[in-house]
Each structure stands twice: as C-alpha cells, then as structure tokens.
Amino acid sequence: MERTGRIKRVVILGGGTAGWMAATALSRNFGERVHITLLESEEIGTVGVGEATIPTIHWFNELIGLDEPEFLRATKATFKLGIEFVDWREPGHRYFHPFGQFGAALPGVAFHHRWLKARAEGLDLPLSALSLATQAATHGRFAKPAGDARSILSTLGYAYHFDAGLYAKYLRDLSEKQGVRRIEGKLRDVERNPDTGFVAALTTERGDRLDGDLFVDCSGFRALLIGAEMGEAFEDWSHWLPCDRAVAVPCARVAATTPYTRSTARAAGWQWRIPLQHRTGNGYVYASPHISDDEAAATLMANLDGEALAEPRMLRFRAGTRRRAWRGNVVAIGLSSGFLEPLESTSIHLIQSGIAKLLTLFPDADCDPALADRFNTVFARDMDGIKDFLILHYHATSGRDDPLWRRCRTMPLPETLVEREAQYRRSGRIILDPDELFREASWLAVLDGQGFEATGYNPLADAIPQETNTAQVRGLADIIARAAPTLPSHDAALARIIGA
Ligand code: FAD
C-alpha cells in the first residue's frame with residue numbers, strides 16, 4: 001500500500017553534468033512513481049569541463065544501465081589507466097598513479113609490505129614495476145581487468161576520459177526517454193513554505209512555475225538554492241589548495257592515444273592533458289596571485305601537442321565545501337555542494353556519490369532531518385578524505401622552487417594528513433577509514449611518487465623467508481614486464497570494443 005507522505009515531485013535546478021546525472025539516476029530508479037523536472041538555462045550554460053574520471057564511474061554506469069560501447073561512441077571516450085605526474089616532486093621526475101592494484105593479492109600481509117621488506121633486504125625495484133596498469137600505460141596499451149583472480153590482468157583497473165558536453169547530452173537523451181521533463185529558462189524566484197521553510201516552487205523569468213517536494217540544487221558554482229536561498233555557508237579551503245583559476249583549450253590529436261591523464265607541474269600550478277577520440281583536452285590550473293591570466297594562457301598555448309582548436313577559456317573557482325549539502329528539502333549535488341580542484345578527477349565521483357547517498361537516504365515528503373544529518377556527515381567525510389589526498393600532492397614537492405611551491409611545502413597541514421604521512425614513514429602503514437575513496441594503492445603511489453620513504457614495514461612480512469619473498473616480488477615484476485607489451489594498443493582495444 002502506498003504511504004501518503006511519499007515524495008512525488010522532484011525538481012532539479014541545473015543541467016550540467018550533475019543535473020543530468022541526477023536526472024538519469026533518479027528517473028531510472030523511480031520510474032513513473034516520481035515526476036522529475038529539470039530547469040536549465042542555455043544562456044547561462046555549463047562549466048563544460050570535467051572530462052577525466054576514476055573507476056567508481058563503473059558503479060554509476062551500472063546504476064543507470066549504461067551500454068558501454070554505445071557510451072564510448074556517443075561521448076568520444078577513451079580508457080584511462082591512471083594519471084602520470086610530471087615534474088611534481090622535482091623538475092625531470094615522473095611517477096604514475098595507477099588504477100588497480102600493486103603486485104598481486106597474495107595471502108598474508110598487504111603486498112606493499114612485501115615490497116618494502118624486499119627493498120630493505122637489498123632488492124632494487126621501483127614500485128612502478130609492480131603495477132600492470134603503469135606498465136601498460138607506459139607502452140600505450142590497454143586491457144580490461146580479468147575476472148580470474150589468478151590472472152595478472154585481474155590487477156588492472158580503469159576509468160574513462162570523455163567529452164563533457166557530449167556526456168551531458170548523452171545523459172539528457174537517456175533521462176528524457178525515461179520521462180524527465182526539461183524546462184528551458186532562467187530562475188527568477190524561489191517560493192518557500194512559511195511554516196516549514198521548505199522550498200515549495202521555482203519560477204522562471206518566462207513565468208513557468210515548477211512545484212516540488214524535493215529540490216536538487218545542481219546550479220553549479222552559483223549554488224542558487226543551497227547557498228543563496230538556504231544560506232548554507234561555504235567553508236573555504238584555499239589556504240590548502242591555492243589554485244583558483246584555470247584556462248582550458250582543446251587541441252588536435254597528433255599521435256596514438258596515451259591511455260592516461262597527464263598532469264605536469266608548472267610554476268604557478270599544473271597543466272592537464274586528457275586524450276579523447278577526436279581531440280585532446282588541455283588546461284592550466286593556477287593560483288592567480290602567482291601568475292597573470294595572460295601568462296597562464298600563454299604557457300598553456302605553448303605546451304600543446306597539436307594545433308589549438310578553440311580560443312582558450314577562463315574559469316574561476318575556490319576550493320572548499322558546504323558542510324550541510326542537504327538542508328530542509330534542498331540537496332546540493334555537484335559544484336553547488338563544494339569543489340576540489342581536478343588534480344585527481346574527483347568531482348564526477350562526488351556527484352555520483354552524492355546521488356548514491358540521496359538514493360539510499362531518499363526521504364518522505366517531511367524530509368526527516370536525521371536523514372539529512374546522515375547525508376551531511378558522510379558527504380563531509382568524502383570531502384575531507386579527498387582534500388587530504390590532494391594536499392599531499394601540493395606540499396611534498398621537495399625539488400620545486402617557485403614561490404607557490406615553496407609556500408605549499410611549509411604550509412600547516414591538516415592533522416589527519418600529518419599523522420598519515422608520519423605513520424607511512426615509520427612503518428609503511430597506510431591508515432585509512434573504511435569508506436575513504438582513495439585506498440592503499442592510491443596513497444602508496446602518491447606517497448612514494450612524491451618522495452616519501454618508508455623506513456619500516458609490517459613485521460608480519462617477516463613470516464616469509466627473505467629469499468622466498470624477494471623471489472616472489474621479483475617474479476611478479478617479471479610477469480608484469482612480460483605481460484604489458486603483449487596487451488593490445490589502446491586504440492586497437494577501443495576500436496574492438498566500440499566496433500569501429
Ligand atoms: P555546471 O556545469 O556549472 O552546471 C550548472 C547548471 O545550472 C547549468 O545547466 C546552468 O545552466 C544551470 N543554471 C545556473 N544558474 C541558473 C539559473 N539562474 N537558472 C537556470 N539554470 C541555471 N571533474 C571531474 O570529475 N574530472 C575532471 O577532469 C574535471 N576537471 C575540471 C576542470 C576544471 C577547471 C573545473 C572548474 C572543474 C572540473 N571538474 C572535473 C568538475 C566538473 O566540471 C564538474 O563537477 C561538473 O561539470 C559538474 O558541474 P555542475 O553540473 O555541478 O555545474
């Protein structure tokens with residue numbers, strides 16, 4: 001029997017990546033039981049960037065029943081095996097943050113302690129030799145993870161690069177087929193219920209009225225409902241994450257696809273390179289006190305692989321969060337809820353994780369505040385964990401001498417990060433909370449890549465005799481070294497999957 005207090009009408013404000021992801025997921029899950037309307041303004045537009053993802057995207061794709069080959073074709077996507085960091089620790093240095101695992105899942109202690117033990121006992125083997133994703137990426141090769149845990153291919157992980165504009169269009173088509181109604185127009189007024197304080201309706205400049213029981217704020221940096229209307233403050237994290245602008249430009253593809261994002265440190269920030277099927281996306285993320293917009297644009301344009309395909313576009317932002325992304329009957333998802341810069345491609349993940357939380361905690365029409373509290377607690381944990389991981393990249397750059405990097409090296413760090421770094425240095429342990437996004441392999445890649453040396457390892461590893469351990473660790477590196485060049489090139493693998 002249907003309960004009377006169910007939510008029947010959801011209004012989504014905004015049709016960027018967040019708005020259409022929310023519309024697709026909600027319509028897929030609720031079908032005709034909930035009437036979904038999305039308001040967006042073509043004149044205002046979207047941020048239009050956001051083209052690299054992390055492997056959690058597979059969860060969202062399953063949730064919406066996405067057909068992978070169709071999605072790859074529609075969004076001109078490529079596969080991503082991780083991120084290559086160039087010149088971060090110091091000029092001339094490179095390391096790779098791969099998806100998937102290091103080594104293999106052997107019984108007993110976590111694999112990286114076996115590597116640390118082998119190193120302590122004289123084996124000279126870099127961490128990168130123990131990651132198939134890293135070695136495959138180095139050779140421009142790609143394969144999907146194998147299901148059989150005995151195969152070295154099971155240690156792979158992958159995500160996608162895609163065209164943000166095409167992705168929003170793809171999701172819009174799916175949503176509209178699932179019954180979502182799209183209204184074109186600019187928001188003019190927000191009507192509140194004087195008794196509950198809940199938002200009751202949005203009206204557009206043209207006079208359309210959108211009544212709702214629940215409002216999802218996907219209005220981007222403007223945060224029109226959660227910020228401007230509900231008054232939820234923005235907690236500024238720019239003292240830890242100083243970049244506040246980006247200049248972006250696509251350029252022509254000139255070579256075979258490199259199946260990874262590249263992030264190159266620059267004097268006042270860093271530059272991204274994201275290869276797609278039809279073009280390469282580029283951008284310079286920078287701290288405006290340390291470089292002018294013109295200089296940043298000139299640096300970007302001087303560092304493209306191929307001919308620029310458009311004029312450079314400027315974007316402004318601020319790192320930080322809203323502690324309560326859900327207030328009353330307004331739930332903020334996407335840039336309206338906060339922003340962490342794109343260094344580890346986490347924003348689309350945060351959108352889908354916001355949607356997942358909303359589905360799990362989906363309220364009745366009274367919007368039980370306990371559900372909102374739970375949402376806000378878990379959202380804050382997500383943001384805090386990712387924030388610490390990003391700060392790690394910024395402050396552990398011993399060989400960079402520009403003023404931005406000098407400042408980041410000596411900035412006071414969150415206590416949680418100080419503890420984590422110290423524990424890794426002392427014992428090789430990476431202490432994580434159970435639901436943190438970035439797991440041991442990611443922290444290990446970046447700690448090691450940015451120059452942290454572990455002086456100890458878990459004593460459990462001593463249960464394995466030195467020769468056995470060294471032989472097994474070296475053996476795995478040999479298997480990986482032999483396997484990587486046998487994988488198909490990225491472009492051959494992609495062509496086979498999309499049927500080109
Ligand atoms: P927007 O795209 O800004 O959409 C806002 C929507 O609200 C639009 O449809 C707009 O029309 C509508 N709207 C606003 N005001 C009104 C109004 N008054 N009336 C009606 N409609 C209105 N994320 C990743 O995961 N990977 C990346 O590699 C990545 N790179 C990034 C690089 C940069 C430089 C930046 C700034 C962000 C990057 N992101 C990345 C983040 C990613 O771009 C966003 O998370 C994503 O695009 C979602 O944006 P959004 O939908 O929240 O907001």
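Structure above, values below:
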quantity: In Å², nearest 10: area of residue 8 left accessible to a 1.4 Å probe; calculated: 90 Å²
quantity: Extension reserve of the residue 416-residue 364 stretch, reckoned as 0.36 nm per residue once the Cα distance is removed; calculated: 15.1 nm
quantity: Packing-based order for 70-77, 31-38, using average beta carbon neighbours within 10 Å, highest first; calculated: 70-77, 31-38
quantity: Built amide H within the under 5 Å cut-off of residue 402, gap 5+; calculated: none
quantity: Charge dipole (the chain, unit charges on Cβ, about Cα centre) - positive-most of 215, 57, 476; calculated: 476
quantity: Positive dipole terminus of the range 1-115, leading residue within 10, 111, 45 (C-beta point charges); calculated: 111
quantity: The chain - share of DSSP beta bridges that are antiparallel (%, nearest 5); calculated: 70 percent
quantity: Lysines whose Cα lies under 22 Å from that of residue 76, excluding same-chain neighbours fewer than 8 positions away; calculated: 144, 169, 177
quantity: Tilt relative to the chain, helix 415-427 - C-alpha long axis, 0 to 90 degrees, to 10; calculated: 20 degrees
quantity: Of the GluC sites (Glu not before Pro) in the range 172-238, those whose Cβ has at most 16 other Cβ within 10 Å and which sit in DSSP loop; calculated: 205
quantity: Within the range 219-334: Cβ-based charge dipole about Cα centre, in debye rounded to nearest 20 (Lys, Arg +1; Asp, Glu -1); calculated: 380 debye
quantity: Part-to-part distance (alpha-carbon centres) for the range 198-213 and the range 12-36, which is given in Å; calculated: 17 Å
quantity: Value of relative contact order over the chain, rounded to a whole percent, pairs C-alpha under 8 Å and six or more apart; calculated: 23 percent
quantity: Contour excess over end-to-end distance, with Cα ends at residue 460 and residue 200 and 0.36 nm allotted per residue; calculated: 87.7 nm
quantity: Proximal aspartates and glutamates relative to residue 8, as straight alpha-carbon distance under 15 Å, when same-chain residues fewer than 8 apart are discounted; calculated: 32, 211, 213, 364, 366
quantity: Karplus 3J(HN,Hα) series, Hz, for the range 202-212 with 6.51 cos²θ - 1.76 cosθ + 1.60 (x for Gly, Pro); calculated: 10, 10, 9, 4, 7, x, 5, 10, 10, 7, x
quantity: Derived scalar couplings ³J(HN,Hα) [the range 357-365; Karplus, 6.51 cos²θ - 1.76 cosθ + 1.60; whole Hz; x for Gly, Pro]; calculated: 5, 5, 5, 5, 9, 3, x, 7, 5
quantity: From phi via Karplus (6.51, -1.76, 1.60), per-residue ³J(HN,Hα) for the range 268-281 in Hz, x at Gly/Pro; calculated: 10, x, 7, 10, 9, 9, 10, x, 10, 5, 10, 6, 10, x
quantity: Simple Cβ-charge dipole of the chain, Lys/Arg +1 and Asp/Glu -1, about Cα centre, in debye nearest 20; calculated: 620 debye
quantity: The range 1-144, accessible area per residue, ligands and nucleic acids excluded (1.4 Å, Å²); calculated: 40 Å²
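The values are calculated or read from the model by the stated rules, or taken from the named source; none is laboratory data. Every value quoted in this text rests on a predicted model; they were computed, and no experiment measured them. No Cβ is skipped: glycine too gets one built from the backbone with ideal geometry, and neighbour counts run over all protein chains shown. We work out accessible area using only protein heavy atoms, side chains counted, and drop any ligands, DNA or RNA first. Shrake-Rupley method; radii C 1.70, N 1.55, O 1.52, S 1.80 Å.
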